[in-house]
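Quick notes on the structure that follows.
The values are calculated or read from the model by the stated rules, or taken from the named source; none is laboratory data. The structure displayed is predicted, hence computed values, not measured ones. For neighbour counting, all protein chains shown are included, and Cβ atoms are generated from backbone atoms with ideal geometry for every residue, glycine included. Each accessible area value is taken on the protein alone, full model and side chains, heavy atoms only, with ligands, DNA and RNA left out. Shrake-Rupley method; radii C 1.70, N 1.55, O 1.52, S 1.80 Å.
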Amino acid sequence: MQALTQSGRAAGPEGNEPVPAPRLSGADWWRGAVGYEVYVRSFQDTDGNGVGDLAGVTKRLAYLAALGVDVVWLTPFFASPGFDHGYDVSDYLAVDPMLGTLDDWDELSVTAKQLGLRLFVDIVPNHTSSHHEWFRQAVDDPTGPFRDYYVWADSAADGGPPNNWVSHFGGPAWTMDPGGTGQYYCHLFLPEQPDLNWANPKVMEEFAAILRTWCERGADGFRIDVAHGLTKDPELRDNPQLRQVHESMHPMDVFASFQHIYDLHRHETAVLFQQWREAVADLGAVLVGEMDTRDVDRFAEYVKDRNALHAAFVLQVGLSDWEPATTITTMLEYQAKSNGGAAWEVSNHDQARAVSRYGGGELGLRRTLALTTLMGAFDGMLFIYQGEELGLPDAEVLGHIEDPMSARNGEGMWSRDVARGPMPWSTDPDKGFTSAAVAWLHTEPLPAELTADFQTDSPHSTWRQYRFMVGLRKRYPALWQSDFELLEQGVGHVTIGRNDLRIVGNLSNAPISAPALDGADIIFQSATDAVSLVQGVTWVAAEATVVGRITARLVAD
Ligand code: NOJ
């Protein structure tokens, strides 16, 4: 068996630095972009309070530029009491003092531009904090103009909540008006996160102004939290229940026990996003929704015709367990129907890290790289979650749980904290993350090989491999610009053609023969053993993705 290498060069990242390429430009720049999610609180602390901050992001922008990403998505840094770590906003135009100041944002924005990086602000429109001035006024003055900014309803006949909707974080999605009217307000997350009433046009007006303000201050686009939420059934009907629920169930399982046709995934929200698009069109901002609809047709409606969202995350593909056959089928379905508006990711701050979810250790990393490489050959944006480029597994949390979903629902509940541990920049006791005695989320130390310092210096690191993979879209624009040709599809594997490029993604657990790569120059392989030649036949190893380029002669054939 002969291992194939890039023509004249070693296979894999060694010696293959990405060629610096011009910043993506034009209105459609986002289509070929690679984004990087920064979980701000855990990225870099600069003021010693144990919490990452905006100045910390600025300090580390050069690291992100060196990785080669185009866009940095910053998790919410607005004023917030922090019940859901920033996803409960009390002022959309102010920076949380724990994370910095508006001046810090300005500096971040200027530095990002100098480095050719774009910034996405994470906007939270489904709900505010209960500390937001709008909610305070809505409670204090039930006949005033802010009451209708939120979703209120009378109790059911027995005095209980108005319908059977449940909160993502446990318990009913309704809490009694603290103002004593006897009405309930709706909250699909914590009681401290009251849902906004998007049937009220004033709410759109408020958000149009907020979006424009951030664009004028340097934002290039937005990640939209719970974009599949926002509008509700006007009659607030009960959701169909799919199975019995019981007390010991995880809130996520309780939530999944209902069909969310009346509280989420509404057609009205897709219509609303046309107004969002109009609100920022002249400023060129890009709108990328967090989209947890598991229905490709509804998804397509949210990103259709270039007049709603630009793109949306296909959450179920990246965030499920290792399910090669389903993953490939679903990716192809979204590829076919979503107008290039998919944003792909294998993990984010709400899920177990991909390396751990996909089996842990070398196996988990191998699978993560295979799937991420394959995603890069599909239409749409590709996002990397902080630490993924180091191959980080789930963090071991020491001390108390921070995630409100778990903290409120009893001992031993799975927690999102595992994905939110501080970045391991170095082997310092504080990981180079903070000078505080303990970080806001205290996690087990990590070995030197998993730190950024070590990996950026090492020629064979996961970081180098990611850098090379991230650079592929710039070195070979055909990867996202040329027609997507489905050349072959099998159970857990797929072969794609894009002009002279051939991408073979074999997520299955057995090697496959790959005639599409015969005679090709191997541009990238997700593992060192990914491609081989056995008696004249090209094979792609199990759980590996290979990108090759065929010669002009083969294209002509
Ligand atoms: C999705 C965010 O990613 C998550 O962290 C947050 O808890 C919920 N939306 C509520 O805003």
*For every other residue with a beta carbon closer than 13 angstrom to the beta carbon of residue 362, add +1 if it is Lys or Arg and -1 if Asp or Glu, then tell me the sum.*
-1
*What fraction of the Cα pairs in region 151-293, stated in percent, has a spacing above 24 angstrom?*
38 percent
*Return the whole-Å distance between the Cα centroid of region 233-289 and the Cα centroid of region 417-434.*
34 Å
*Could you work out the helix-only [θ] at 222 nm for the chain, with each DSSP H run of four or more residues adding -39,500 (n - 2.57) and the total divided by the number of residues, to the nearest 500 deg cm²/dmol?*
-7500 deg cm²/dmol
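Equivalent-ellipsoid semi-axes (√(5λ), Cα gyration tensor) for region 279-352, whole Å, largest first?
23, 15, 9
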*When the Cα centres of region 355-369 and region 90-105 are compared, how far apart do they sit, in Å?*
36 Å
*Of all accessible surface on region 229-369 at a 1.4 Å probe, what whole percent is carbon and sulfur?*
48 percent
_Apportionment of accessible area to carbon and sulfur, region 375-493, percent (1.4 Å)_ = 51 percent
*So which chymotrypsin sites (Phe, Trp or Tyr not before Pro) in region 233-338 pass both tests, a DSSP loop state and at most 16 other Cβ atoms within 10 Å of the Cβ?*
none
_Can you tell me, using C-alpha contacts under 8 Å and at least 6 residues apart, the relative contact order of region 431-528 as a whole percent?_
12 percent
_log10 of Debye I(q)/I(0), alpha-carbon scatterers only, for region 367-415 at 0.24, 0.33 Å⁻¹_ = -0.89, -1.26
*Rule-of-thumb Rg ratio for region 381-509 [Cα; 2.2 N^0.38 Å; N residues]*: 1.40
*Using Cα pairs under 8 angstrom and six or more residues apart, how large is the relative contact order of the chain, in percent?*
16 percent
*State which stretch of the chain is the longest one without any exposed GluC sites (Glu not before Pro), exposure meaning a DSSP loop state and at most 15 other Cβ atoms within 10 Å.*
15-234
*Evaluate the Kirkwood expression for the hydrodynamic radius of the chain, namely the inverse of the mean inverse distance over all pairs of different C-alpha atoms, and round to one decimal in Å.*
24.3 Å
*asked:* At a threshold of 8 angstrom on Cα-Cα distance, excluding pairs fewer than six apart, so keeping six or more, what relative contact order does region 18-141 reach in percent?
replied: 24 percent
*Hey, got the Cα dimensions of region 310-453 along the principal axes, in Å, largest first?*
51, 37, 30
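Computed over the Cα atoms of region 69-115, what is the convex hull's projected area averaged over all directions, in nm²?
If you wrap the Cα atoms of region 69-115 in a convex hull and average its projections, you get 3.6 nm².
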*How many percent of DSSP beta bridges within the chain run antiparallel, rounded to 5?*
60 percent
_Keeping every protein chain present and rolling a 1.4 Å probe, give me the accessible area per residue for the chain in Å²._
37 Å²
_Within the chain, count lysine pairs with alpha carbon atoms under 27 angstrom apart where the residues are 8 or more positions apart or belong to different chains._
11
*asked:* Using only the alpha-carbon atoms of region 383-441 as identical scatterers, what base-10 log of I(q)/I(0) does the Debye formula give at q = 0.12, 0.30 Å⁻¹?
replied: -0.33, -1.27
*Which of 387, 400, 97 sits farthest toward the positive end of the charge dipole of the chain, with +1 on the Cβ of Lys and Arg and -1 on the Cβ of Asp and Glu?*
387
_Kirkwood Rh and Cα-based Rg: tell me the resulting Rg over Rh for region 457-517, rounded to two decimals._
1.04
*Cα-based Rg of region 30-121 per 2.2 N^0.38 Å, rounded to two decimals?*
1.04
